[in-house]
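Student: Have a look at this one before I ask anything.
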Amino acid sequence: MIVAGWLWAVFTVVAAFFQTLRNAMQRELTADLGTAGATHVRFLFGFPFALIFLIGLALGTDVPLPHPGWAFWPWVIDGAFAQVAATALMLLAMGERSFVITIAYLKTEPIQVAIFGLIFLGDRVSLPMMVAILVATAGVIIMSTKAGGMVGGIKPTLIGLASGGMFALSAVGYRGAILDLRLQDFVMAATFTLVVGLLMQAVVLSLYLLLRSPSVLTAIGRAWKRSLFAGFMGALASQFWFLAFALATAASVRTLALVEVLFAQLVARFAFGQKTTPREAIGMVFVVAGVVLLIFLEH
């Protein structure tokens, strides 16, 4: 399959946009469902949509379903459950701090992705690419600080940074799983991996909540309409993330994903009534500069 060299960037930007919408919806659900319930929503309600994507792909093309080898499973397990932990930490951080600042903490992730990608996948990052990653990451750090130190205190800072680290491990795990399938059709590889990951997450978290907090499952059932939208947006965002991971290094994808900070600013302003400060505006300039540099280097 011949693929345009810039296609991964399109997939990443689309994924970041849908993820911002999903994060905003999950933030609202946290008040009713708690952190565990809002975390589960994206997996439980996302899986049926991902399965529909896979069935549609299988029926609409001649590409057979893959037969993963044993090495596929550790990768996908890492991706799935690091993502569960990352999502829970993200929602916990959102309860401590504003929506846009929480997203900024999370977006220190690209540096960790570059390190983990090099260690586990051998994804090399050139010096100019590392400069682009550092410039963009500097932008989110600027957005997350003020004259007296980190905004909101040390607790949301540590939670947000830990969430970013778990998202980094998840990205590397999922990319490893996609590559291990060794399929020429990257769409099938990405979609199959997504379905397997979401199935694992939905089953394990459902059993956990059934045993520990059955009332949360009841609450999720009552909020099914809002949960359905969050699940759909989550599945759609993940579909495009996985397509991007199939075509580019996790470090490149997650650095370009910093455009989510810009989308978060729009959501924070129009949905939550939070204004952009001058410091946040300066940080966004750095983010944009780093992202533009990365795209130029990749192209």
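Student: Looking at the stretch 210-227, which of its residues are closer than 26 Å to residue 20 by Cβ and surrounded by 15 or more Cβ atoms within 10 Å (Cβ to Cβ)?
Tutor: Across the stretch 210-227, the qualifying residues are 216, 219, 220, 223, 226, 227.
Student: State whether the residues of the stretch 182-202 include one that is at pLDDT 90 or above and touching an Asp or Glu at 6+ places or on another chain (Cβ under 8 Å).
Tutor: Within the stretch 182-202, not a single residue is at pLDDT 90 or above and touching an Asp or Glu at 6+ places or on another chain (Cβ under 8 Å).
Student: Mind checking which residues of the stretch 276-299 are crowded, with 17+ Cβ neighbours inside 10 Å and either of a type in the set (Gly, Ala, Ser) or under 20 Å from residue 266 (Cα atoms) (or both)?
Tutor: Within the stretch 276-299, 280, 283, 284, 286, 287, 288, 290, 291 meet the criteria.
Student: From the list 58, 88, 82, 50, which residue is in a helix (DSSP H, G or I), modelled with pLDDT under 90 and of a type in the set (Gly, Ala, Ser)?
Tutor: Checking each option against the conditions leaves just 88.
Student: Based on this model, can you work out whether residue 225 counts as at pLDDT below 90, of a type in the set (Lys, Arg) and in a helix (DSSP H, G or I)?
Tutor: Taking the combined requirement at face value, the residue satisfies it.
Student: Still on this structure, please answer the following. Give me a count of the residues in the stretch 67-76 that are in a helix (DSSP H, G or I) and surrounded by 15 or more Cβ atoms within 10 Å (Cβ to Cβ).
Tutor: Kept after step one, since they are in a helix (DSSP H, G or I), are these residues of the stretch 67-76: 72-76.
Next, only the ones that are surrounded by 15 or more Cβ atoms within 10 Å (Cβ to Cβ) stay: 72, 75-76.
Qualifying residue count, the stretch 67-76: 3.
Student: Next question. Name the residues in the stretch 180-207 that are free of Cβ contacts under 8 Å to residues at least 60 places away in the same chain, assigned to a helix (DSSP H, G or I) and surrounded by fewer than 23 Cβ atoms within 10 Å (Cβ to Cβ), would you?
Tutor: Hits for the stretch 180-207 are 203, 207.
Student: Within the stretch 31-57, count every residue that is free of Cβ contacts under 8 Å to residues at least 60 places away in the same chain and either over 16 Å from residue 231 (Cα atoms) or in contact with a strand residue (DSSP E or B) (Cβ under 6 Å, 6 or more places away or on another chain) (or both).
Tutor: 3
Student: Search the stretch 1-37 for residues being outside any helix (DSSP H, G or I) and not aromatic (Phe, Trp, Tyr), and hand back the single one that is modelled with the highest pLDDT. Steps first, please.
Tutor: The initial filter retains those residues of the stretch 1-37 that are outside any helix (DSSP H, G or I), namely 1-6.
Of the ones still in play, those that are also not aromatic (Phe, Trp, Tyr) are 1-5.
Working: 1: 53, 2: 55, 3: 62, 4: 62, 5: 73.
Result: 5.
Results for (1) under 18 Å from the mean Cα position of the chain (by Cα); (2) buried (at least 24 other Cβ atoms within 10 Å of the Cβ); (3) under 24 Å from residue 18 (Cα atoms), shown as yes or no for each residue.
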{"residue": "35", "(1), (2), (3)": "yes, no, yes"}
{"residue": "38", "(1), (2), (3)": "yes, yes, yes"}
{"residue": "41", "(1), (2), (3)": "yes, yes, yes"}
{"residue": "54", "(1), (2), (3)": "no, no, yes"}
{"residue": "63", "(1), (2), (3)": "no, no, no"}
{"residue": "78", "(1), (2), (3)": "yes, no, yes"}
{"residue": "84", "(1), (2), (3)": "yes, no, yes"}
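Student: Can you find, within the stretch 114-135, the residue that is modelled with the lowest pLDDT among those that are buried (at least 19 other Cβ atoms within 10 Å of the Cβ) and within 27 Å of residue 282 (Cβ to Cβ)?
Tutor: 125
Student: Would a scan of the stretch 247-260 turn up a residue that is assigned to a helix (DSSP H, G or I), among the polar types (S, T, N, Q) and under 16 Å from residue 132 (Cα atoms)?
Tutor: Filtering the stretch 247-260 for residues assigned to a helix (DSSP H, G or I) gives 247, 250-256, 259-260.
Narrowing the set further to residues that are among the polar types (S, T, N, Q) leaves 252, 255.
Among the residues that remain, those that are also under 16 Å from residue 132 (Cα atoms) are: 252, 255.
Yes - at least one qualifying residue is present in the stretch 247-260.
The values are calculated or read from the model by the stated rules, or taken from the named source; none is laboratory data. Given the structure is predicted, the values throughout are model-derived calculations rather than measurements. Methodologically, a virtual Cβ is constructed for each residue, glycine included, from the backbone with ideal geometry; neighbour enumeration extends over all protein chains shown.
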